[in-house]
Amino acid sequence: MQVWVWPLLGGASALILTAGAVLAQDAVTVTFSAERADPAAPMPEISWSATPLDLPADADIMAAMVFTPEPLTVPWQVALKPGTYLISGFSEQELYEATLVIGPDSTALTVPVLVVDAQVAFRCAEQEVCAAADQATGLAFDLPRGWAAEQPYLVDPQGGEAAGDVSAVFFEDIEGDGAAVWFLNPVEWMVHESGPCETVSLGEMCTFDLSDAAKRALEVIAPSLRREPVAP
């Protein structure tokens, strides 16, 4: 996908295949489209990526990823070797994501919007600032009023032991489109394509759009980020 983008990764660009590259003689040409509530509305600019999920344990995932060199306003057509992929798309307002099996008959697939609040673990509704801590990862942080966070998690892109960095999603807890969102150490992210990143004590905080709401939230969340001991 994009290099996790989660903004992306230096040093691997020479090895990453771009959209349209033929991965093997048995590659399948697939067209990916973003799911939209109003198909007649103009297509937003979307940066796409495909991350193979069935590689050998010692494979270089970064070298195997396929992504669009620039955002597209049309469906993404790309040649992929048959297998299972994490397909991701990033626009200024939405994140599209799905795990899909690509086979000989996979010609046109739709990628749904990722539901941001599917795993809401923390919410700040009453106080100006709410302290939160996740016992599983040891991540502790403050949330401004009107913001929420998903369950933090540890990710190892290489498929080995749990990574030392923790990832999390913080978002403006409002209905409808346009909510501000911050990703801590996103696994796939394309800097200059998906959106800007800010260096924080625990890694990188990235967002689609550095809006006023996002800036105000970062002023609360960023200095509060810390890792606490995890009970055995």
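The values are calculated or read from the model by the stated rules, or taken from the named source; none is laboratory data. Quantities reported herein were computed from a predicted structural model and do not represent experimental measurements. Backbone-built Cβ (ideal geometry, glycine too); neighbour counts: all protein chains shown.
Examine segment 8-25 for a residue that is in contact with a strand residue (DSSP E or B) (Cβ under 8 Å, 6 or more places away or on another chain), surrounded by 14 or more Cβ atoms within 10 Å (Cβ to Cβ) and at pLDDT 85 or above, and state whether such a residue exists.
no
So, in segment 200-220, of the ones that are β-branched (Val, Ile, Thr) and within 19 Å of the chain's Cα centre (by Cα), which residue ends up nearest to Ala131 (Cα to Cα)?
Applying the filter and picking the extreme gives Val200.
Assess whether Pro39 counts as being part of a loop (DSSP other than H, G, I, E, B) and modelled with pLDDT of 50 or more.
yes
Would a scan of segment 197-204 turn up a residue that is farther than 18 Å from Ala140 by Cβ and of a type in the set (Ser, Thr, Tyr)?
Checking segment 197-204: at least one residue is farther than 18 Å from Ala140 by Cβ and of a type in the set (Ser, Thr, Tyr).
Among (1) small (Gly, Ala, Ser); (2) in a loop (DSSP other than H, G, I, E, B); (3) under 21 Å from the mean Cα position of the chain (by Cα), which single condition is Ala63 missing?
Single failed check for Ala63: (2).
Which numbered condition in (1) surrounded by fewer than 19 Cβ atoms within 10 Å (Cβ to Cβ); (2) under 28 Å from Ala149 (Cα atoms); (3) hydrophobic (A, V, I, L, M, F, W, C); (4) at pLDDT 90 or above is the only one that Phe122 fails?
Unmet for Phe122, out of (1) surrounded by fewer than 19 Cβ atoms within 10 Å (Cβ to Cβ); (2) under 28 Å from Ala149 (Cα atoms); (3) hydrophobic (A, V, I, L, M, F, W, C); (4) at pLDDT 90 or above: (1).
Any residue that is closer than 24 Å to Asp38 by Cα, acidic (Asp, Glu) and not assigned by TED's automatic domain parsing to the domain that holds Phe170 - is there at least one of those in segment 76-94?
Yes, the conditions are met somewhere in segment 76-94.
Among (1) loosely packed, with under 13 Cβ neighbours inside 10 Å; (2) at pLDDT below 90, there is one condition Glu188 misses while meeting the rest; what is its number?
The one condition Glu188 does not meet is (1).
When Gln127 is evaluated against the numbered criteria (1) modelled with pLDDT of 90 or more; (2) not in a loop (DSSP other than H, G, I, E, B), which criterion, by number, is the only one it fails?
Here Gln127 clears every test but (2).
I need the full set of residues from segment 126-143 which are within 16 Å of Arg216 (Cα to Cα) and among the acidic types (Asp, Glu), in order please.
Passing the criteria: Glu128, Asp142.
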